[in-house]
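Everything below concerns the one structure shown next.
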Amino acid sequence: MASTVLITGANRGVGLALARHYQQAGWQVIGVCRRGSDELSEVATRVIDGINVTREADVARLAEALAGESLDLLINNAGMLHDESLGALDFDAIRAQMEINAYAPLRVTEALLPCLGEGAKIANITSRMGSIADNDSGGRYGYRASKAALNAFGKSLAMDLAPRGIAVAQLHPGYVQTRMVNFGGLITPDEAAQGIAARIEALTLETSGGFWHSNGEPLPW
């Protein structure tokens, strides 16, 4: 029986590349997004669109649509990046980033826990910009804070879910050529997806809670 992965933000970028990777590996792929895409429909077994992961009602609808189903892997990928600098802070933008980058993965994970059994895995797509120790350039207040919060949530999830046999990882995809960074990255989405999938494959209960670059490098908190 094929394994099943659910990916949020699956209609483009890294999310779409992950959907493509797992489809090619023989997995059943459930792509979740606000707006579907032809590219996602080509690779996903099932697309659940119209889902804004920051809205409680939408996440409840997602959980209802999956009631009684089993997931082997949940990838919390949906995210947002704004560029704030001191002296020109946009607190609405900071708040929005906290909602989608940090609160939404926790909300989705809790809602889908009934679908995650022993041996399942959760991958939170974070960023090394959420590392406090690695911050040597400042700025990006909302993005850095939201990813740091996601890392903290992920570590707590790893502790709380270990007795249920569920492993959790925080994964930085790398500097990827996506719309989020105006396609100015260093690696392609497909390359990022391959690295992320390798880290997920290597994830165990013994390593659960860690924070890694997609290339395998452990990242500082």
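Derivation of every value follows stated rules applied to the coordinates shown; laboratory data play no part. A quick note: this is a predicted structure, and the numbers were derived from the prediction, not measured. Note that we place each Cβ from the backbone using ideal geometry, even for glycine, and neighbour counts take in every protein chain shown.
Give me Ser127, Ser146, Ser41 ranked fewest to most by other Cβ atoms within 10 Å of their Cβ, as a rough exposure proxy.
Going from sparsest to densest Cβ surroundings: Ser41, Ser127, Ser146.
As a footprinting exposure proxy, order Trp212, Trp221 by other Cβ within 10 Å, with the fewest listed first. Could you put the intermediate results ahead of the total?
Details: Trp212 22, Trp221 13.
Fewest-to-most Cβ neighbours within 10 Å comes out as Trp221, Trp212.
Using Cα pairs closer than 8 Å and at least 6 residues apart in sequence, work out the relative contact order for the chain, in percent.
Reported relative contact order: 18 percent.
Roughly how big is the stretch 106-221's charge dipole about its Cα centre, with Cβ charges of +1 (Lys, Arg) and -1 (Asp, Glu), in debye to the nearest 20?
Computed charge dipole of the stretch 106-221: roughly 360 debye.
Helix 56-65 versus the longest principal axis of the chain: what is the Cα-based angle in degrees, 0 to 90, to the nearest 10?
Helix 56-65 and the main axis of the chain meet at about 20 degrees.
Which order do His82, His21, His172 fall in if you start with the one that has the fewest other Cβ atoms within 10 Å?
Values: His82 15, His21 21, His172 27.
With the sparsest Cβ surroundings first, the list reads His82, His21, His172.
Summing +1 for each Lys or Arg and -1 for each Asp or Glu, what net charge is found among the other residues whose Cβ lies under 12 Å from the Cβ of Ala102?
Here the count lands on +3.
Please turn the phi angles of the stretch 189-198 into ³J(HN,Hα) values with the Karplus equation 6.51 cos²θ - 1.76 cosθ + 1.60 (θ = phi - 60°), one per residue in order, whole Hz, x for glycine and proline.
Whole-Hz 3J(HN,Hα) from phi for the stretch 189-198: x, 5, 5, 4, 4, 4, x, 4, 4, 5.
Please name whichever of Pro189, Gln170, Ile122 sits farthest to the positive end of the charge dipole of the stretch 61-216, dipole taken about the Cα centre and charges placed at Cβ: Lys and Arg +1, Asp and Glu -1.
Gln170
From the helices alone, meaning DSSP H stretches of at least four residues, give me the mean residue ellipticity at 222 nm for the chain, per-run term -39500 (n - 2.57), in deg cm²/dmol to the nearest 500.
On the way: 7 runs with 79 residues, N = 221.
Calculated mean residue ellipticity at 222 nm is -11000 deg cm²/dmol.
For Leu62, what is the net charge nearby, where nearby means another residue's Cβ is under 13 Å from its Cβ and Lys, Arg count +1, Asp, Glu -1? Please list the in-between numbers first.
On the way: positive: Arg34, Arg46, Arg55, Arg61, Arg107; negative: Asp49, Glu56, Asp58, Glu64, Glu69, Glu110.
Computed value for this residue: -1.
Lys and Arg at +1, Asp and Glu at -1: add these up for the other residues within a Cβ distance under 15 Å of His172 and post the number.
Result for the neighbourhood of His172: +3.
With the contact rule set at Cα under 8 Å and sequence spacing of 6 or more, what percent relative contact order holds for the stretch 103-221? Intermediate results must be reported in sequence, preceding the final value.
Numbers: 190 pairs, mean separation 34.1, N = 119.
This gives 29 percent for the stretch 103-221.
Can you check what the Kirkwood hydrodynamic radius comes to for the stretch 4-213, Cα pairs only, in Å to one decimal?
17.0 Å
Amide H neighbours of Gly36 under 5 Å, at least 5 residues apart or on other chains, H built in the peptide plane: list them.
Gly50
Whole-Hz ³J(HN,Hα) for each residue in the stretch 6-14, computed from phi via Karplus 6.51 cos²θ - 1.76 cosθ + 1.60 with θ = phi - 60°, x for glycine and proline: what do you get?
10, 10, 8, x, 8, 7, 7, x, 4
Would you mind checking the tilt of helix 141-161 against the longest principal axis of the Cα atoms of the chain, expressed as 0 to 90 degrees and rounded to 10?
Taking Cα atoms only, the helix is inclined about 40 degrees.
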